[in-house]
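Working notes for the structure below.
The values are calculated or read from the model by the stated rules, or taken from the named source; none is laboratory data. Keep in mind it's a predicted model, so treat the numbers as computed, not measured. FYI the Cβ positions are ideal-geometry reconstructions off the backbone, even for glycines, and counts take in every protein chain you see. What goes into the accessible areas is simple: the full protein's heavy atoms, side chains included, and nothing from ligands, DNA or RNA. Shrake-Rupley method; radii C 1.70, N 1.55, O 1.52, S 1.80 Å.
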Amino acid sequence: MAPNSGRPAEAVVVIDMQNDYCHSNGVFAGAGLVIDDLPGLVGRINTLVGSARSAGVPVIWVRMEWADDAAVGILAQRSPFLRDSGLRAGTWGSDLVSELDVRPEDAVVVKPRFSAFYRTELDEALAGVTRITVAGVRTDFCVESTVRDAFFRDFEVVVARDAVAGYFPELHENSLRVMGTVFARIDSVDTIVTSFEAVR
């Protein structure tokens, strides 16, 4: 962020845009959990992160990943298809979707649970930042968990309404409504981009 902008120090945090969560060949799709219009979602996220970089706002990509089957924890009981496959370190499924505009200067944070703050280095990556804009998947699980934890840490949070997605429209919309109560401001990508462009 430009030092004379008069705005809070900001970052964009993109959650779990990985092959296993998003791609039609990923383990979630194999379990019947499908992201509608993935190309559109990727395009809007790329617009968001491109505008952020042009405004001097850093971009952080968050990935969910486990080293082995034991690391999945109780989630393996709740989602049995993850017991022995999916989001494992070093696999294609754990990689970010290839069409995303990921740059070498971007930070990457790996998490073992839904919240991007739990047992990760995200707090350190956000040193000096007071406002974060959040995008990615899944709206009602990992996005909302991260947004709530950010609020508990006194970050100002913006959720990019059309750059987050889930598997069930009703849960996605309900999550946006809940986050929009006190945890975050819900804005469109166009609105956020306009805000970034104002400080170029």
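Worth a mention:
- Heavy atoms of the protein chains alone define the surface here; on that basis the chain has 45 Å² accessible area per residue at 1.4 Å probe size.
- Residue-averaged 222 nm ellipticity for the chain, from DSSP H runs of 4+ at -39500 (n - 2.57), nearest 500: -8000 deg cm²/dmol
- √(5λ) per eigenvalue of the Cα gyration tensor, the stretch 1-95, largest first, Å: 32, 16, 10
- Taking only the C-alpha atoms of the chain, Rg followed by Dmax gives 16.0, 51 Å.
- The fraction of accessible area contributed by carbon and sulfur in the chain is 51 percent, rounded to a whole number (1.4 Å probe; ligands and nucleic acids excluded).
- Applying 1/(1 + (r/R0)^6) with r as the Cβ-Cβ distance of Ser54 and Asp84 and R0 = 41 angstrom yields a FRET efficiency of 0.45.
- Relative contact order of the stretch 1-92, pairs being alpha-carbon contacts under 8 Å that are 6 or more residues apart, as %: 34 percent
- Test item: Cα-centred dipole of the chain, Lys/Arg +1 and Asp/Glu -1 on Cβ, debye: 300 debye
- Helix 169-178 vs. the chain, principal-axis angle (Cα, 0 to 90°, nearest 10): 40 degrees
- Cα centroid separation, the stretch 58-84 to the stretch 22-54 (Å): 18 Å
- Relative to the current alpha-carbon distance between Arg185 and Glu99, full extension at 0.36 nm per residue lengthens the span by 28.2 nm.
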